[in-house]
Amino acid sequence: MAKAGGLGDVVGALPKYQNQLGHIAKVVMPMYRTKFLYNNQWETVHKGYTHLGNWWFNYTVIREKTNKLGFDLYLVDIYGLLDREKIYGYGDDTERFTAFQVAVVDWLAAWKHQPDIVHVHDHHTALIPFMLQYCYAYQHLGKIRTVLTIHNAQYQGWMGWDKSHYLPAWDSWKSGMLEWNKTINPLASGIKCAWKVTTVSPTYLVEMRTAANGLEALLEYEKGKCSGILNGIDNVVWDPATDTYLGEHYTAETVEEGKQRNKKLLCEEYNLDPKKPLITFIGRLVGEKGADLLPQAIEDSFYYIGRKMNFLILGSGFPEIEAKLLAMKGLTRGDYNVYIGYDEGLSHLMYAGADFILMPSRVEPCGLNQLYALRYGTIPVVRNTGGLHDTVIDYGDKNGYGIRFNNASVGDMTHGIWRAVELYQQPQKMLDIRERIPLLDFSWEASVRSYLELYAS
Ligand code: ADP
């Protein structure tokens, strides 16, 4: 329905697998104007009228009719506020997501079902645990247990106290449950009010106690209710044997030929030399992902290692990084290209056609790219942090299959690229790793059970 990164992948897959295990999981999210909205059939299940401070608004809850995603998907339509093409990045995001949360709780209060658990994701929904407990109108919902999953602690949804009236009348003795560092901090409120808090890898959980954009002390204090559960990947959607975006389907047995054909397609399209190793980067072009290091690391690689490899970059983000990467196209000798934008199809083809994927992240709560890459037989070259630490073993270590480096620096990344080029020159070793990695199990099955145990607790 809508995806900007890993959160979209998780919320699209987790409920499907929960349902398969006999639970009833439903999803509610804002009604953005996306292709999925126009290409599917919907029925109205609720119409309501509520308010954000002094502003009264109508909202409509619609449901996808055919259950095609494997769960009931409900969308909240708030005319003029949520129904936009982008998910976030507007000046009124505070109003948009607060109104969304108010509407959801208002709908829950009128709904004929009462959930056992409400599971909220990131700051855009993190005020809901507070509202369920401390808004007078919703106190009959106060017994519903809540779980908050933190996909990224960098973004917290801060808002000034002048906006505290956005929430339906609440018990002002509880203002401390909204506050962190003298401002309303929705993510901090979620951490305080939710019954359980999870994050998307065990290592990121530990790292957050020393680096969580100001929430370190809170996470240390609340650590008793926190746990780290690794994201899975949807093996049905991400399967090189059936993926409709690929030029050639393949399995672990046919990985070598399958990848060659897809690589050839990519190289033709992006003017690259298929004989050289193809090193890619897919993701948001932001400092968190180490994307600012890419231009210099690529130039240094060409300079120090020689023009022995190709680079292909897919992403969008900071204009300065985009501009630098685009400008570098001028220096290419058929060994560098970049596509600025978001392109789901191209990303799938890149996972299939690339030899290596670069992830120099400064912060990586879980990271899905490396998991997709592994499934498609592509070797990850990653900084040793967060979920990357939990999922990638260096090929120099026992049972290893990836390349790890320790610092988010140009030097370390260039060294990682050098090791990739060295590895590529040992075809037997490459083949051994390539045949092994698609069989590693990072599917949802294991993670879903951990969530169900958490709910049960
Ligand atoms: P994050 O959620 O921090 O962005 P993750 O690694 O958890 O990072 O998830 C990123 C997801 O978004 C992956 O599915 C990746 O393929 C996808 N993605 C990121 N940028 C792009 C892009 N420009 N085009 C297509 N897919 C992208």
Net lengthening on full extension, residue 439/residue 213 (0.36 nm per residue, minus Cα-Cα): 77.7 nm
Charge dipole magnitude, Cβ of K and R +1, D and E -1 - region 343-396, Cα centre, debye nearest 20: 100 debye
Accessible area expressed per residue, the chain, with surrounding protein chains retained (probe 1.4 Å, Å²): 43 Å²
Derived scalar couplings ³J(HN,Hα) [region 389-397; Karplus, 6.51 cos²θ - 1.76 cosθ + 1.60; whole Hz; x for Gly, Pro]: 5, 7, 10, 10, 9, 4, 5, x, 8
Region 69-83 - phi-based ³J(HN,Hα) in whole Hz, Karplus 6.51/-1.76/1.60, Gly and Pro as x: 8, x, 7, 6, 10, 10, 10, 9, 9, 10, 3, x, 10, 9, 7
Within region 1-148: Cβ-based charge dipole about Cα centre, in debye rounded to nearest 20 (Lys, Arg +1; Asp, Glu -1): 360 debye
Relative contact order (percent, whole number), the chain, Cα cutoff 8 Å, 6+ residue spacing: 12 percent
Low-density loop positions, GluC sites (Glu not before Pro), region 171-277 - DSSP coil, at most 11 other Cβ in 10 Å: 253
Local electrostatic count, residue 204, Cβ distance below 9 Å [Lys/Arg +1, Asp/Glu -1]: -3
Table column - 3J(HN,Hα) (Hz), region 133-146, Karplus curve with 6.51, -1.76, 1.60, x for Gly and Pro: 9, 10, 8, 4, 5, 10, 5, 5, 9, x, 7, 5, 6, 10
Whether region 42-159 is rounded, prolate or oblate, judged on the alpha carbon gyration tensor where a/c under 1.5 counts as rounded: rounded
Extension gain from residue 269 to residue 85, taking 0.36 nm per residue of separation minus the Cα-Cα distance: 63.4 nm
Under 22 Å from residue 65, Cα to Cα: lysines that are on another chain or at least 8 residues apart: 3, 16, 26, 35, 47, 112
Segments 160-167, 75-82, 239-246, 378-385 sorted - mean Cβ within 10 Å per residue, highest first: 378-385, 75-82, 239-246, 160-167
Global form of the chain, assessed from the alpha-carbon gyration tensor, a/c cut-off 1.5: prolate
Region 171-318 - Rg (one decimal) and Dmax (whole number), Cα, Å: 22.3, 67
Cα centroid separation, region 193-265 to region 399-457 (Å): 11 Å
Region 310-351 versus region 88-160: alpha-carbon centroid distance in Å: 37 Å
Cα gyration tensor, region 313-357 - rounded (a/c under 1.5), prolate or oblate: oblate
Only Lys, Arg (+1) and Asp, Glu (-1) charged, at Cβ; region 347-441 dipole about Cα centre in debye: 60 debye
Within-15-Å neighbourhood charge of residue 50 [Cβ basis; K, R +1; D, E -1]: -1
Carbon and sulfur %, accessible surface of the chain computed with the full protein complex present, 1.4 Å: 52 percent
Label-reachable residues, region 420-445, where backbone N falls under 19 Å from a point 7 Å from residue 331's Cα toward its Cβ: 421
Protection proxy ranking, peptides 296-302, 92-98, 34-40, average beta carbon neighbours within 10 Å, highest first: 296-302, 92-98, 34-40
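The values are calculated or read from the model by the stated rules, or taken from the named source; none is laboratory data. Keep in mind that what you see is a predicted model, and the values were worked out from it rather than measured. Neighbour counts run over all protein chains shown; Cβ positions are idealised from the backbone, glycine included. Calculation scope for accessible area: heavy atoms of the full protein, side chains included, ligands and nucleic acids excluded. Shrake-Rupley method; radii C 1.70, N 1.55, O 1.52, S 1.80 Å.
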